[in-house]
Amino acid sequence: MSQSTPYALELRDLRKTFGKTEIIRGANLSVQQGERVAIIGPNGAGKSTLFNLISGRLLPSGGDVLLNGQRINGQTPFEINRLGLARSFQVSNLFSKLSVFENLRCGLLWSSGYKYSCWRFLANLHDANQRTEELLHKLHLEKRRDVLAMNLTYAEQRALEIGVTIAGGANVILLDEPTAGMSTTETSHFIELIKEVTVGKTLLTVEHDMGVVFGLADKIAVVVYGQVIAFDTPQKVRANAAVQEAYLGSTLADNQANAVLAADVLEQEGGEHAAH
Ligand SMILES: Nc1ncnc2c1ncn2[C@@H]1O[C@H](COP(=O)(O)OP(=O)(O)OP(=O)(O)O)[C@@H](O)[C@H]1O
């Protein structure tokens, strides 16, 4: 398909072999600019491996990854970051002894090319300070501005982590289970926060929690055995026979399968009740 705006992210017949085992077996995916996509699939399907291939932590054995229309295979994670893709890392990647403000400012400066020595340049960087203030506001962390990252609550640390991820202005954001470890209330707040701070950006998440998937995603990519077997709206994915068969056939015990099917049943029941 040809289109005037390139896809934000495209996987073309992507493959990855570990030893003799092919784990990613010709994955294809075309994500439009601004789409929010949740990647789901049974345990061991290859979701994290896909993220590692996209972000440059792993080299593909075959196929291509395109970011905003540009082939990025073989580039380092840092180079890919500079081209506009940012991936969230775990909380431990925050500077625990720096404040919220300082962490955000370092995230911002890191992607502007300052790397490890960023704090040496801070005094004169009025523009960076201003952009950091804006980010603090977006994240609703103004009141925690001067608190050390290590003293934040878990949910605040995750919010800060997202802030550091988006600080550089990347237009494609990868989040790995962003709400893992949060309570139900924290999760629903956090979904809203992610939506707010990623407006206009393309978002990919690897996600096991179906509440998050349906709360966040415009589209779901279902990865089974190293291939994307479905890529569509949540409603269409739920109704997809191949998805149901893949889950039922291979991973009946998997919580995701149960959640997908339960959500389907609930929706049908809801519809029937509404009709009565
Ligand atoms: N570096 C590696 N070397 C060898 N095998 C690997 C490596 N990384 C992943 N694998 C294997 O690739 C398969 C897919 O793993 P991956 O972590 O991508 O799956 P996943 O879908 O993210 O699973 P989960 O939902 O359980 O996190 C697994 O069988 C895993 O053991």
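The values are calculated or read from the model by the stated rules, or taken from the named source; none is laboratory data. Computed from a predicted structure; not experimentally measured. Calculation scope for accessible area: heavy atoms of the full protein, side chains included, ligands and nucleic acids excluded. Shrake-Rupley method; radii C 1.70, N 1.55, O 1.52, S 1.80 Å.
Key figures for this structure:
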read-out: Paired Rg and Dmax values of the stretch 118-220, which use every Cα atom, in angstrom; value: 14.5, 46
read-out: Partners for residue 195 among lysines (Cα-Cα distance below 30 Å; same-chain residues under 8 apart left out); value: 47, 97, 115, 138, 143, 219, 236
read-out: Protein accessible area in the stretch 154-254, 1.4 Å probe - carbon and sulfur %; value: 54 percent
